[in-house]
Amino acid sequence: MIRHPETKFETHEYVAVNLIGLVKAVDFARSTVVGGSSDHRLDTDFEGFAIDPAKAQDALMFRLAENTSAVLVHERVKDHLKKSGFGMLRFRRPEKWVG
């Protein structure tokens with residue numbers, strides 16, 4: 001359930017998740033950077049990227065520090081979400097990511 005504390009609006013039709021923090025996990029040697037800031041924080045634009053598993057530290061779901069609009073999920077999480085009825089979600093492999 002989602003509830004707005006000021007307006008008292010409530011809905012049972014949605015689920016919300018707030019992913020706190022960022023994980024810096026891109027393997028730049030195997031990624032295609034097409035823009036963004038020189039320090040590769042927050043707004044790096046990619047035409048495909050690769051993840052360094054050691055940097056990801058076995059996290060199953062996280063926001064990417066190099067591009068905060070990217071939420072990465074492990075294949076196990078993806079499978080669980082699909083089996084749980086979250087059919088509206090769309091998944092893209094990191095090497096296919098553009099943004």
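Throughout, read-outs are computed from the coordinates displayed, never taken from laboratory work. Everything numeric in this text was worked out from a predicted model, so none of it was measured. Backbone-built Cβ (ideal geometry, glycine too); neighbour counts: all protein chains shown.
Key figures
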{"read-out": "For the chain, calculated [θ]222 nm from helices alone, where every DSSP H run of n ≥ 4 adds -39500 (n - 2.57)", "value": "-3000 deg cm²/dmol"}
{"read-out": "Where a label projected 7 Å from the Cα of residue 57 along Cα→Cβ would reach, residues of region 1-39 with amide N under 18 Å", "value": "19-27"}
{"read-out": "Rounded FRET efficiency, nearest 0.05, which uses the C-beta distance separating residue 81 from residue 34 and R0 of 41 Å", "value": "0.90"}
{"read-out": "Residue order, fewest to most beta carbons within 10 Å, for 45, 79", "value": "79, 45"}
{"read-out": "Whole-number D in µm² s⁻¹ for region 20-96, Kirkwood Cα-pair radius fed into Stokes-Einstein, 4 °C, 1.567 mPa s", "value": "99 µm²/s"}
{"read-out": "Estimated distance in nm for a label pair at residue 45 and residue 4, the labels positioned 7 Å out from Cα along Cα-to-Cβ", "value": "3.4 nm"}
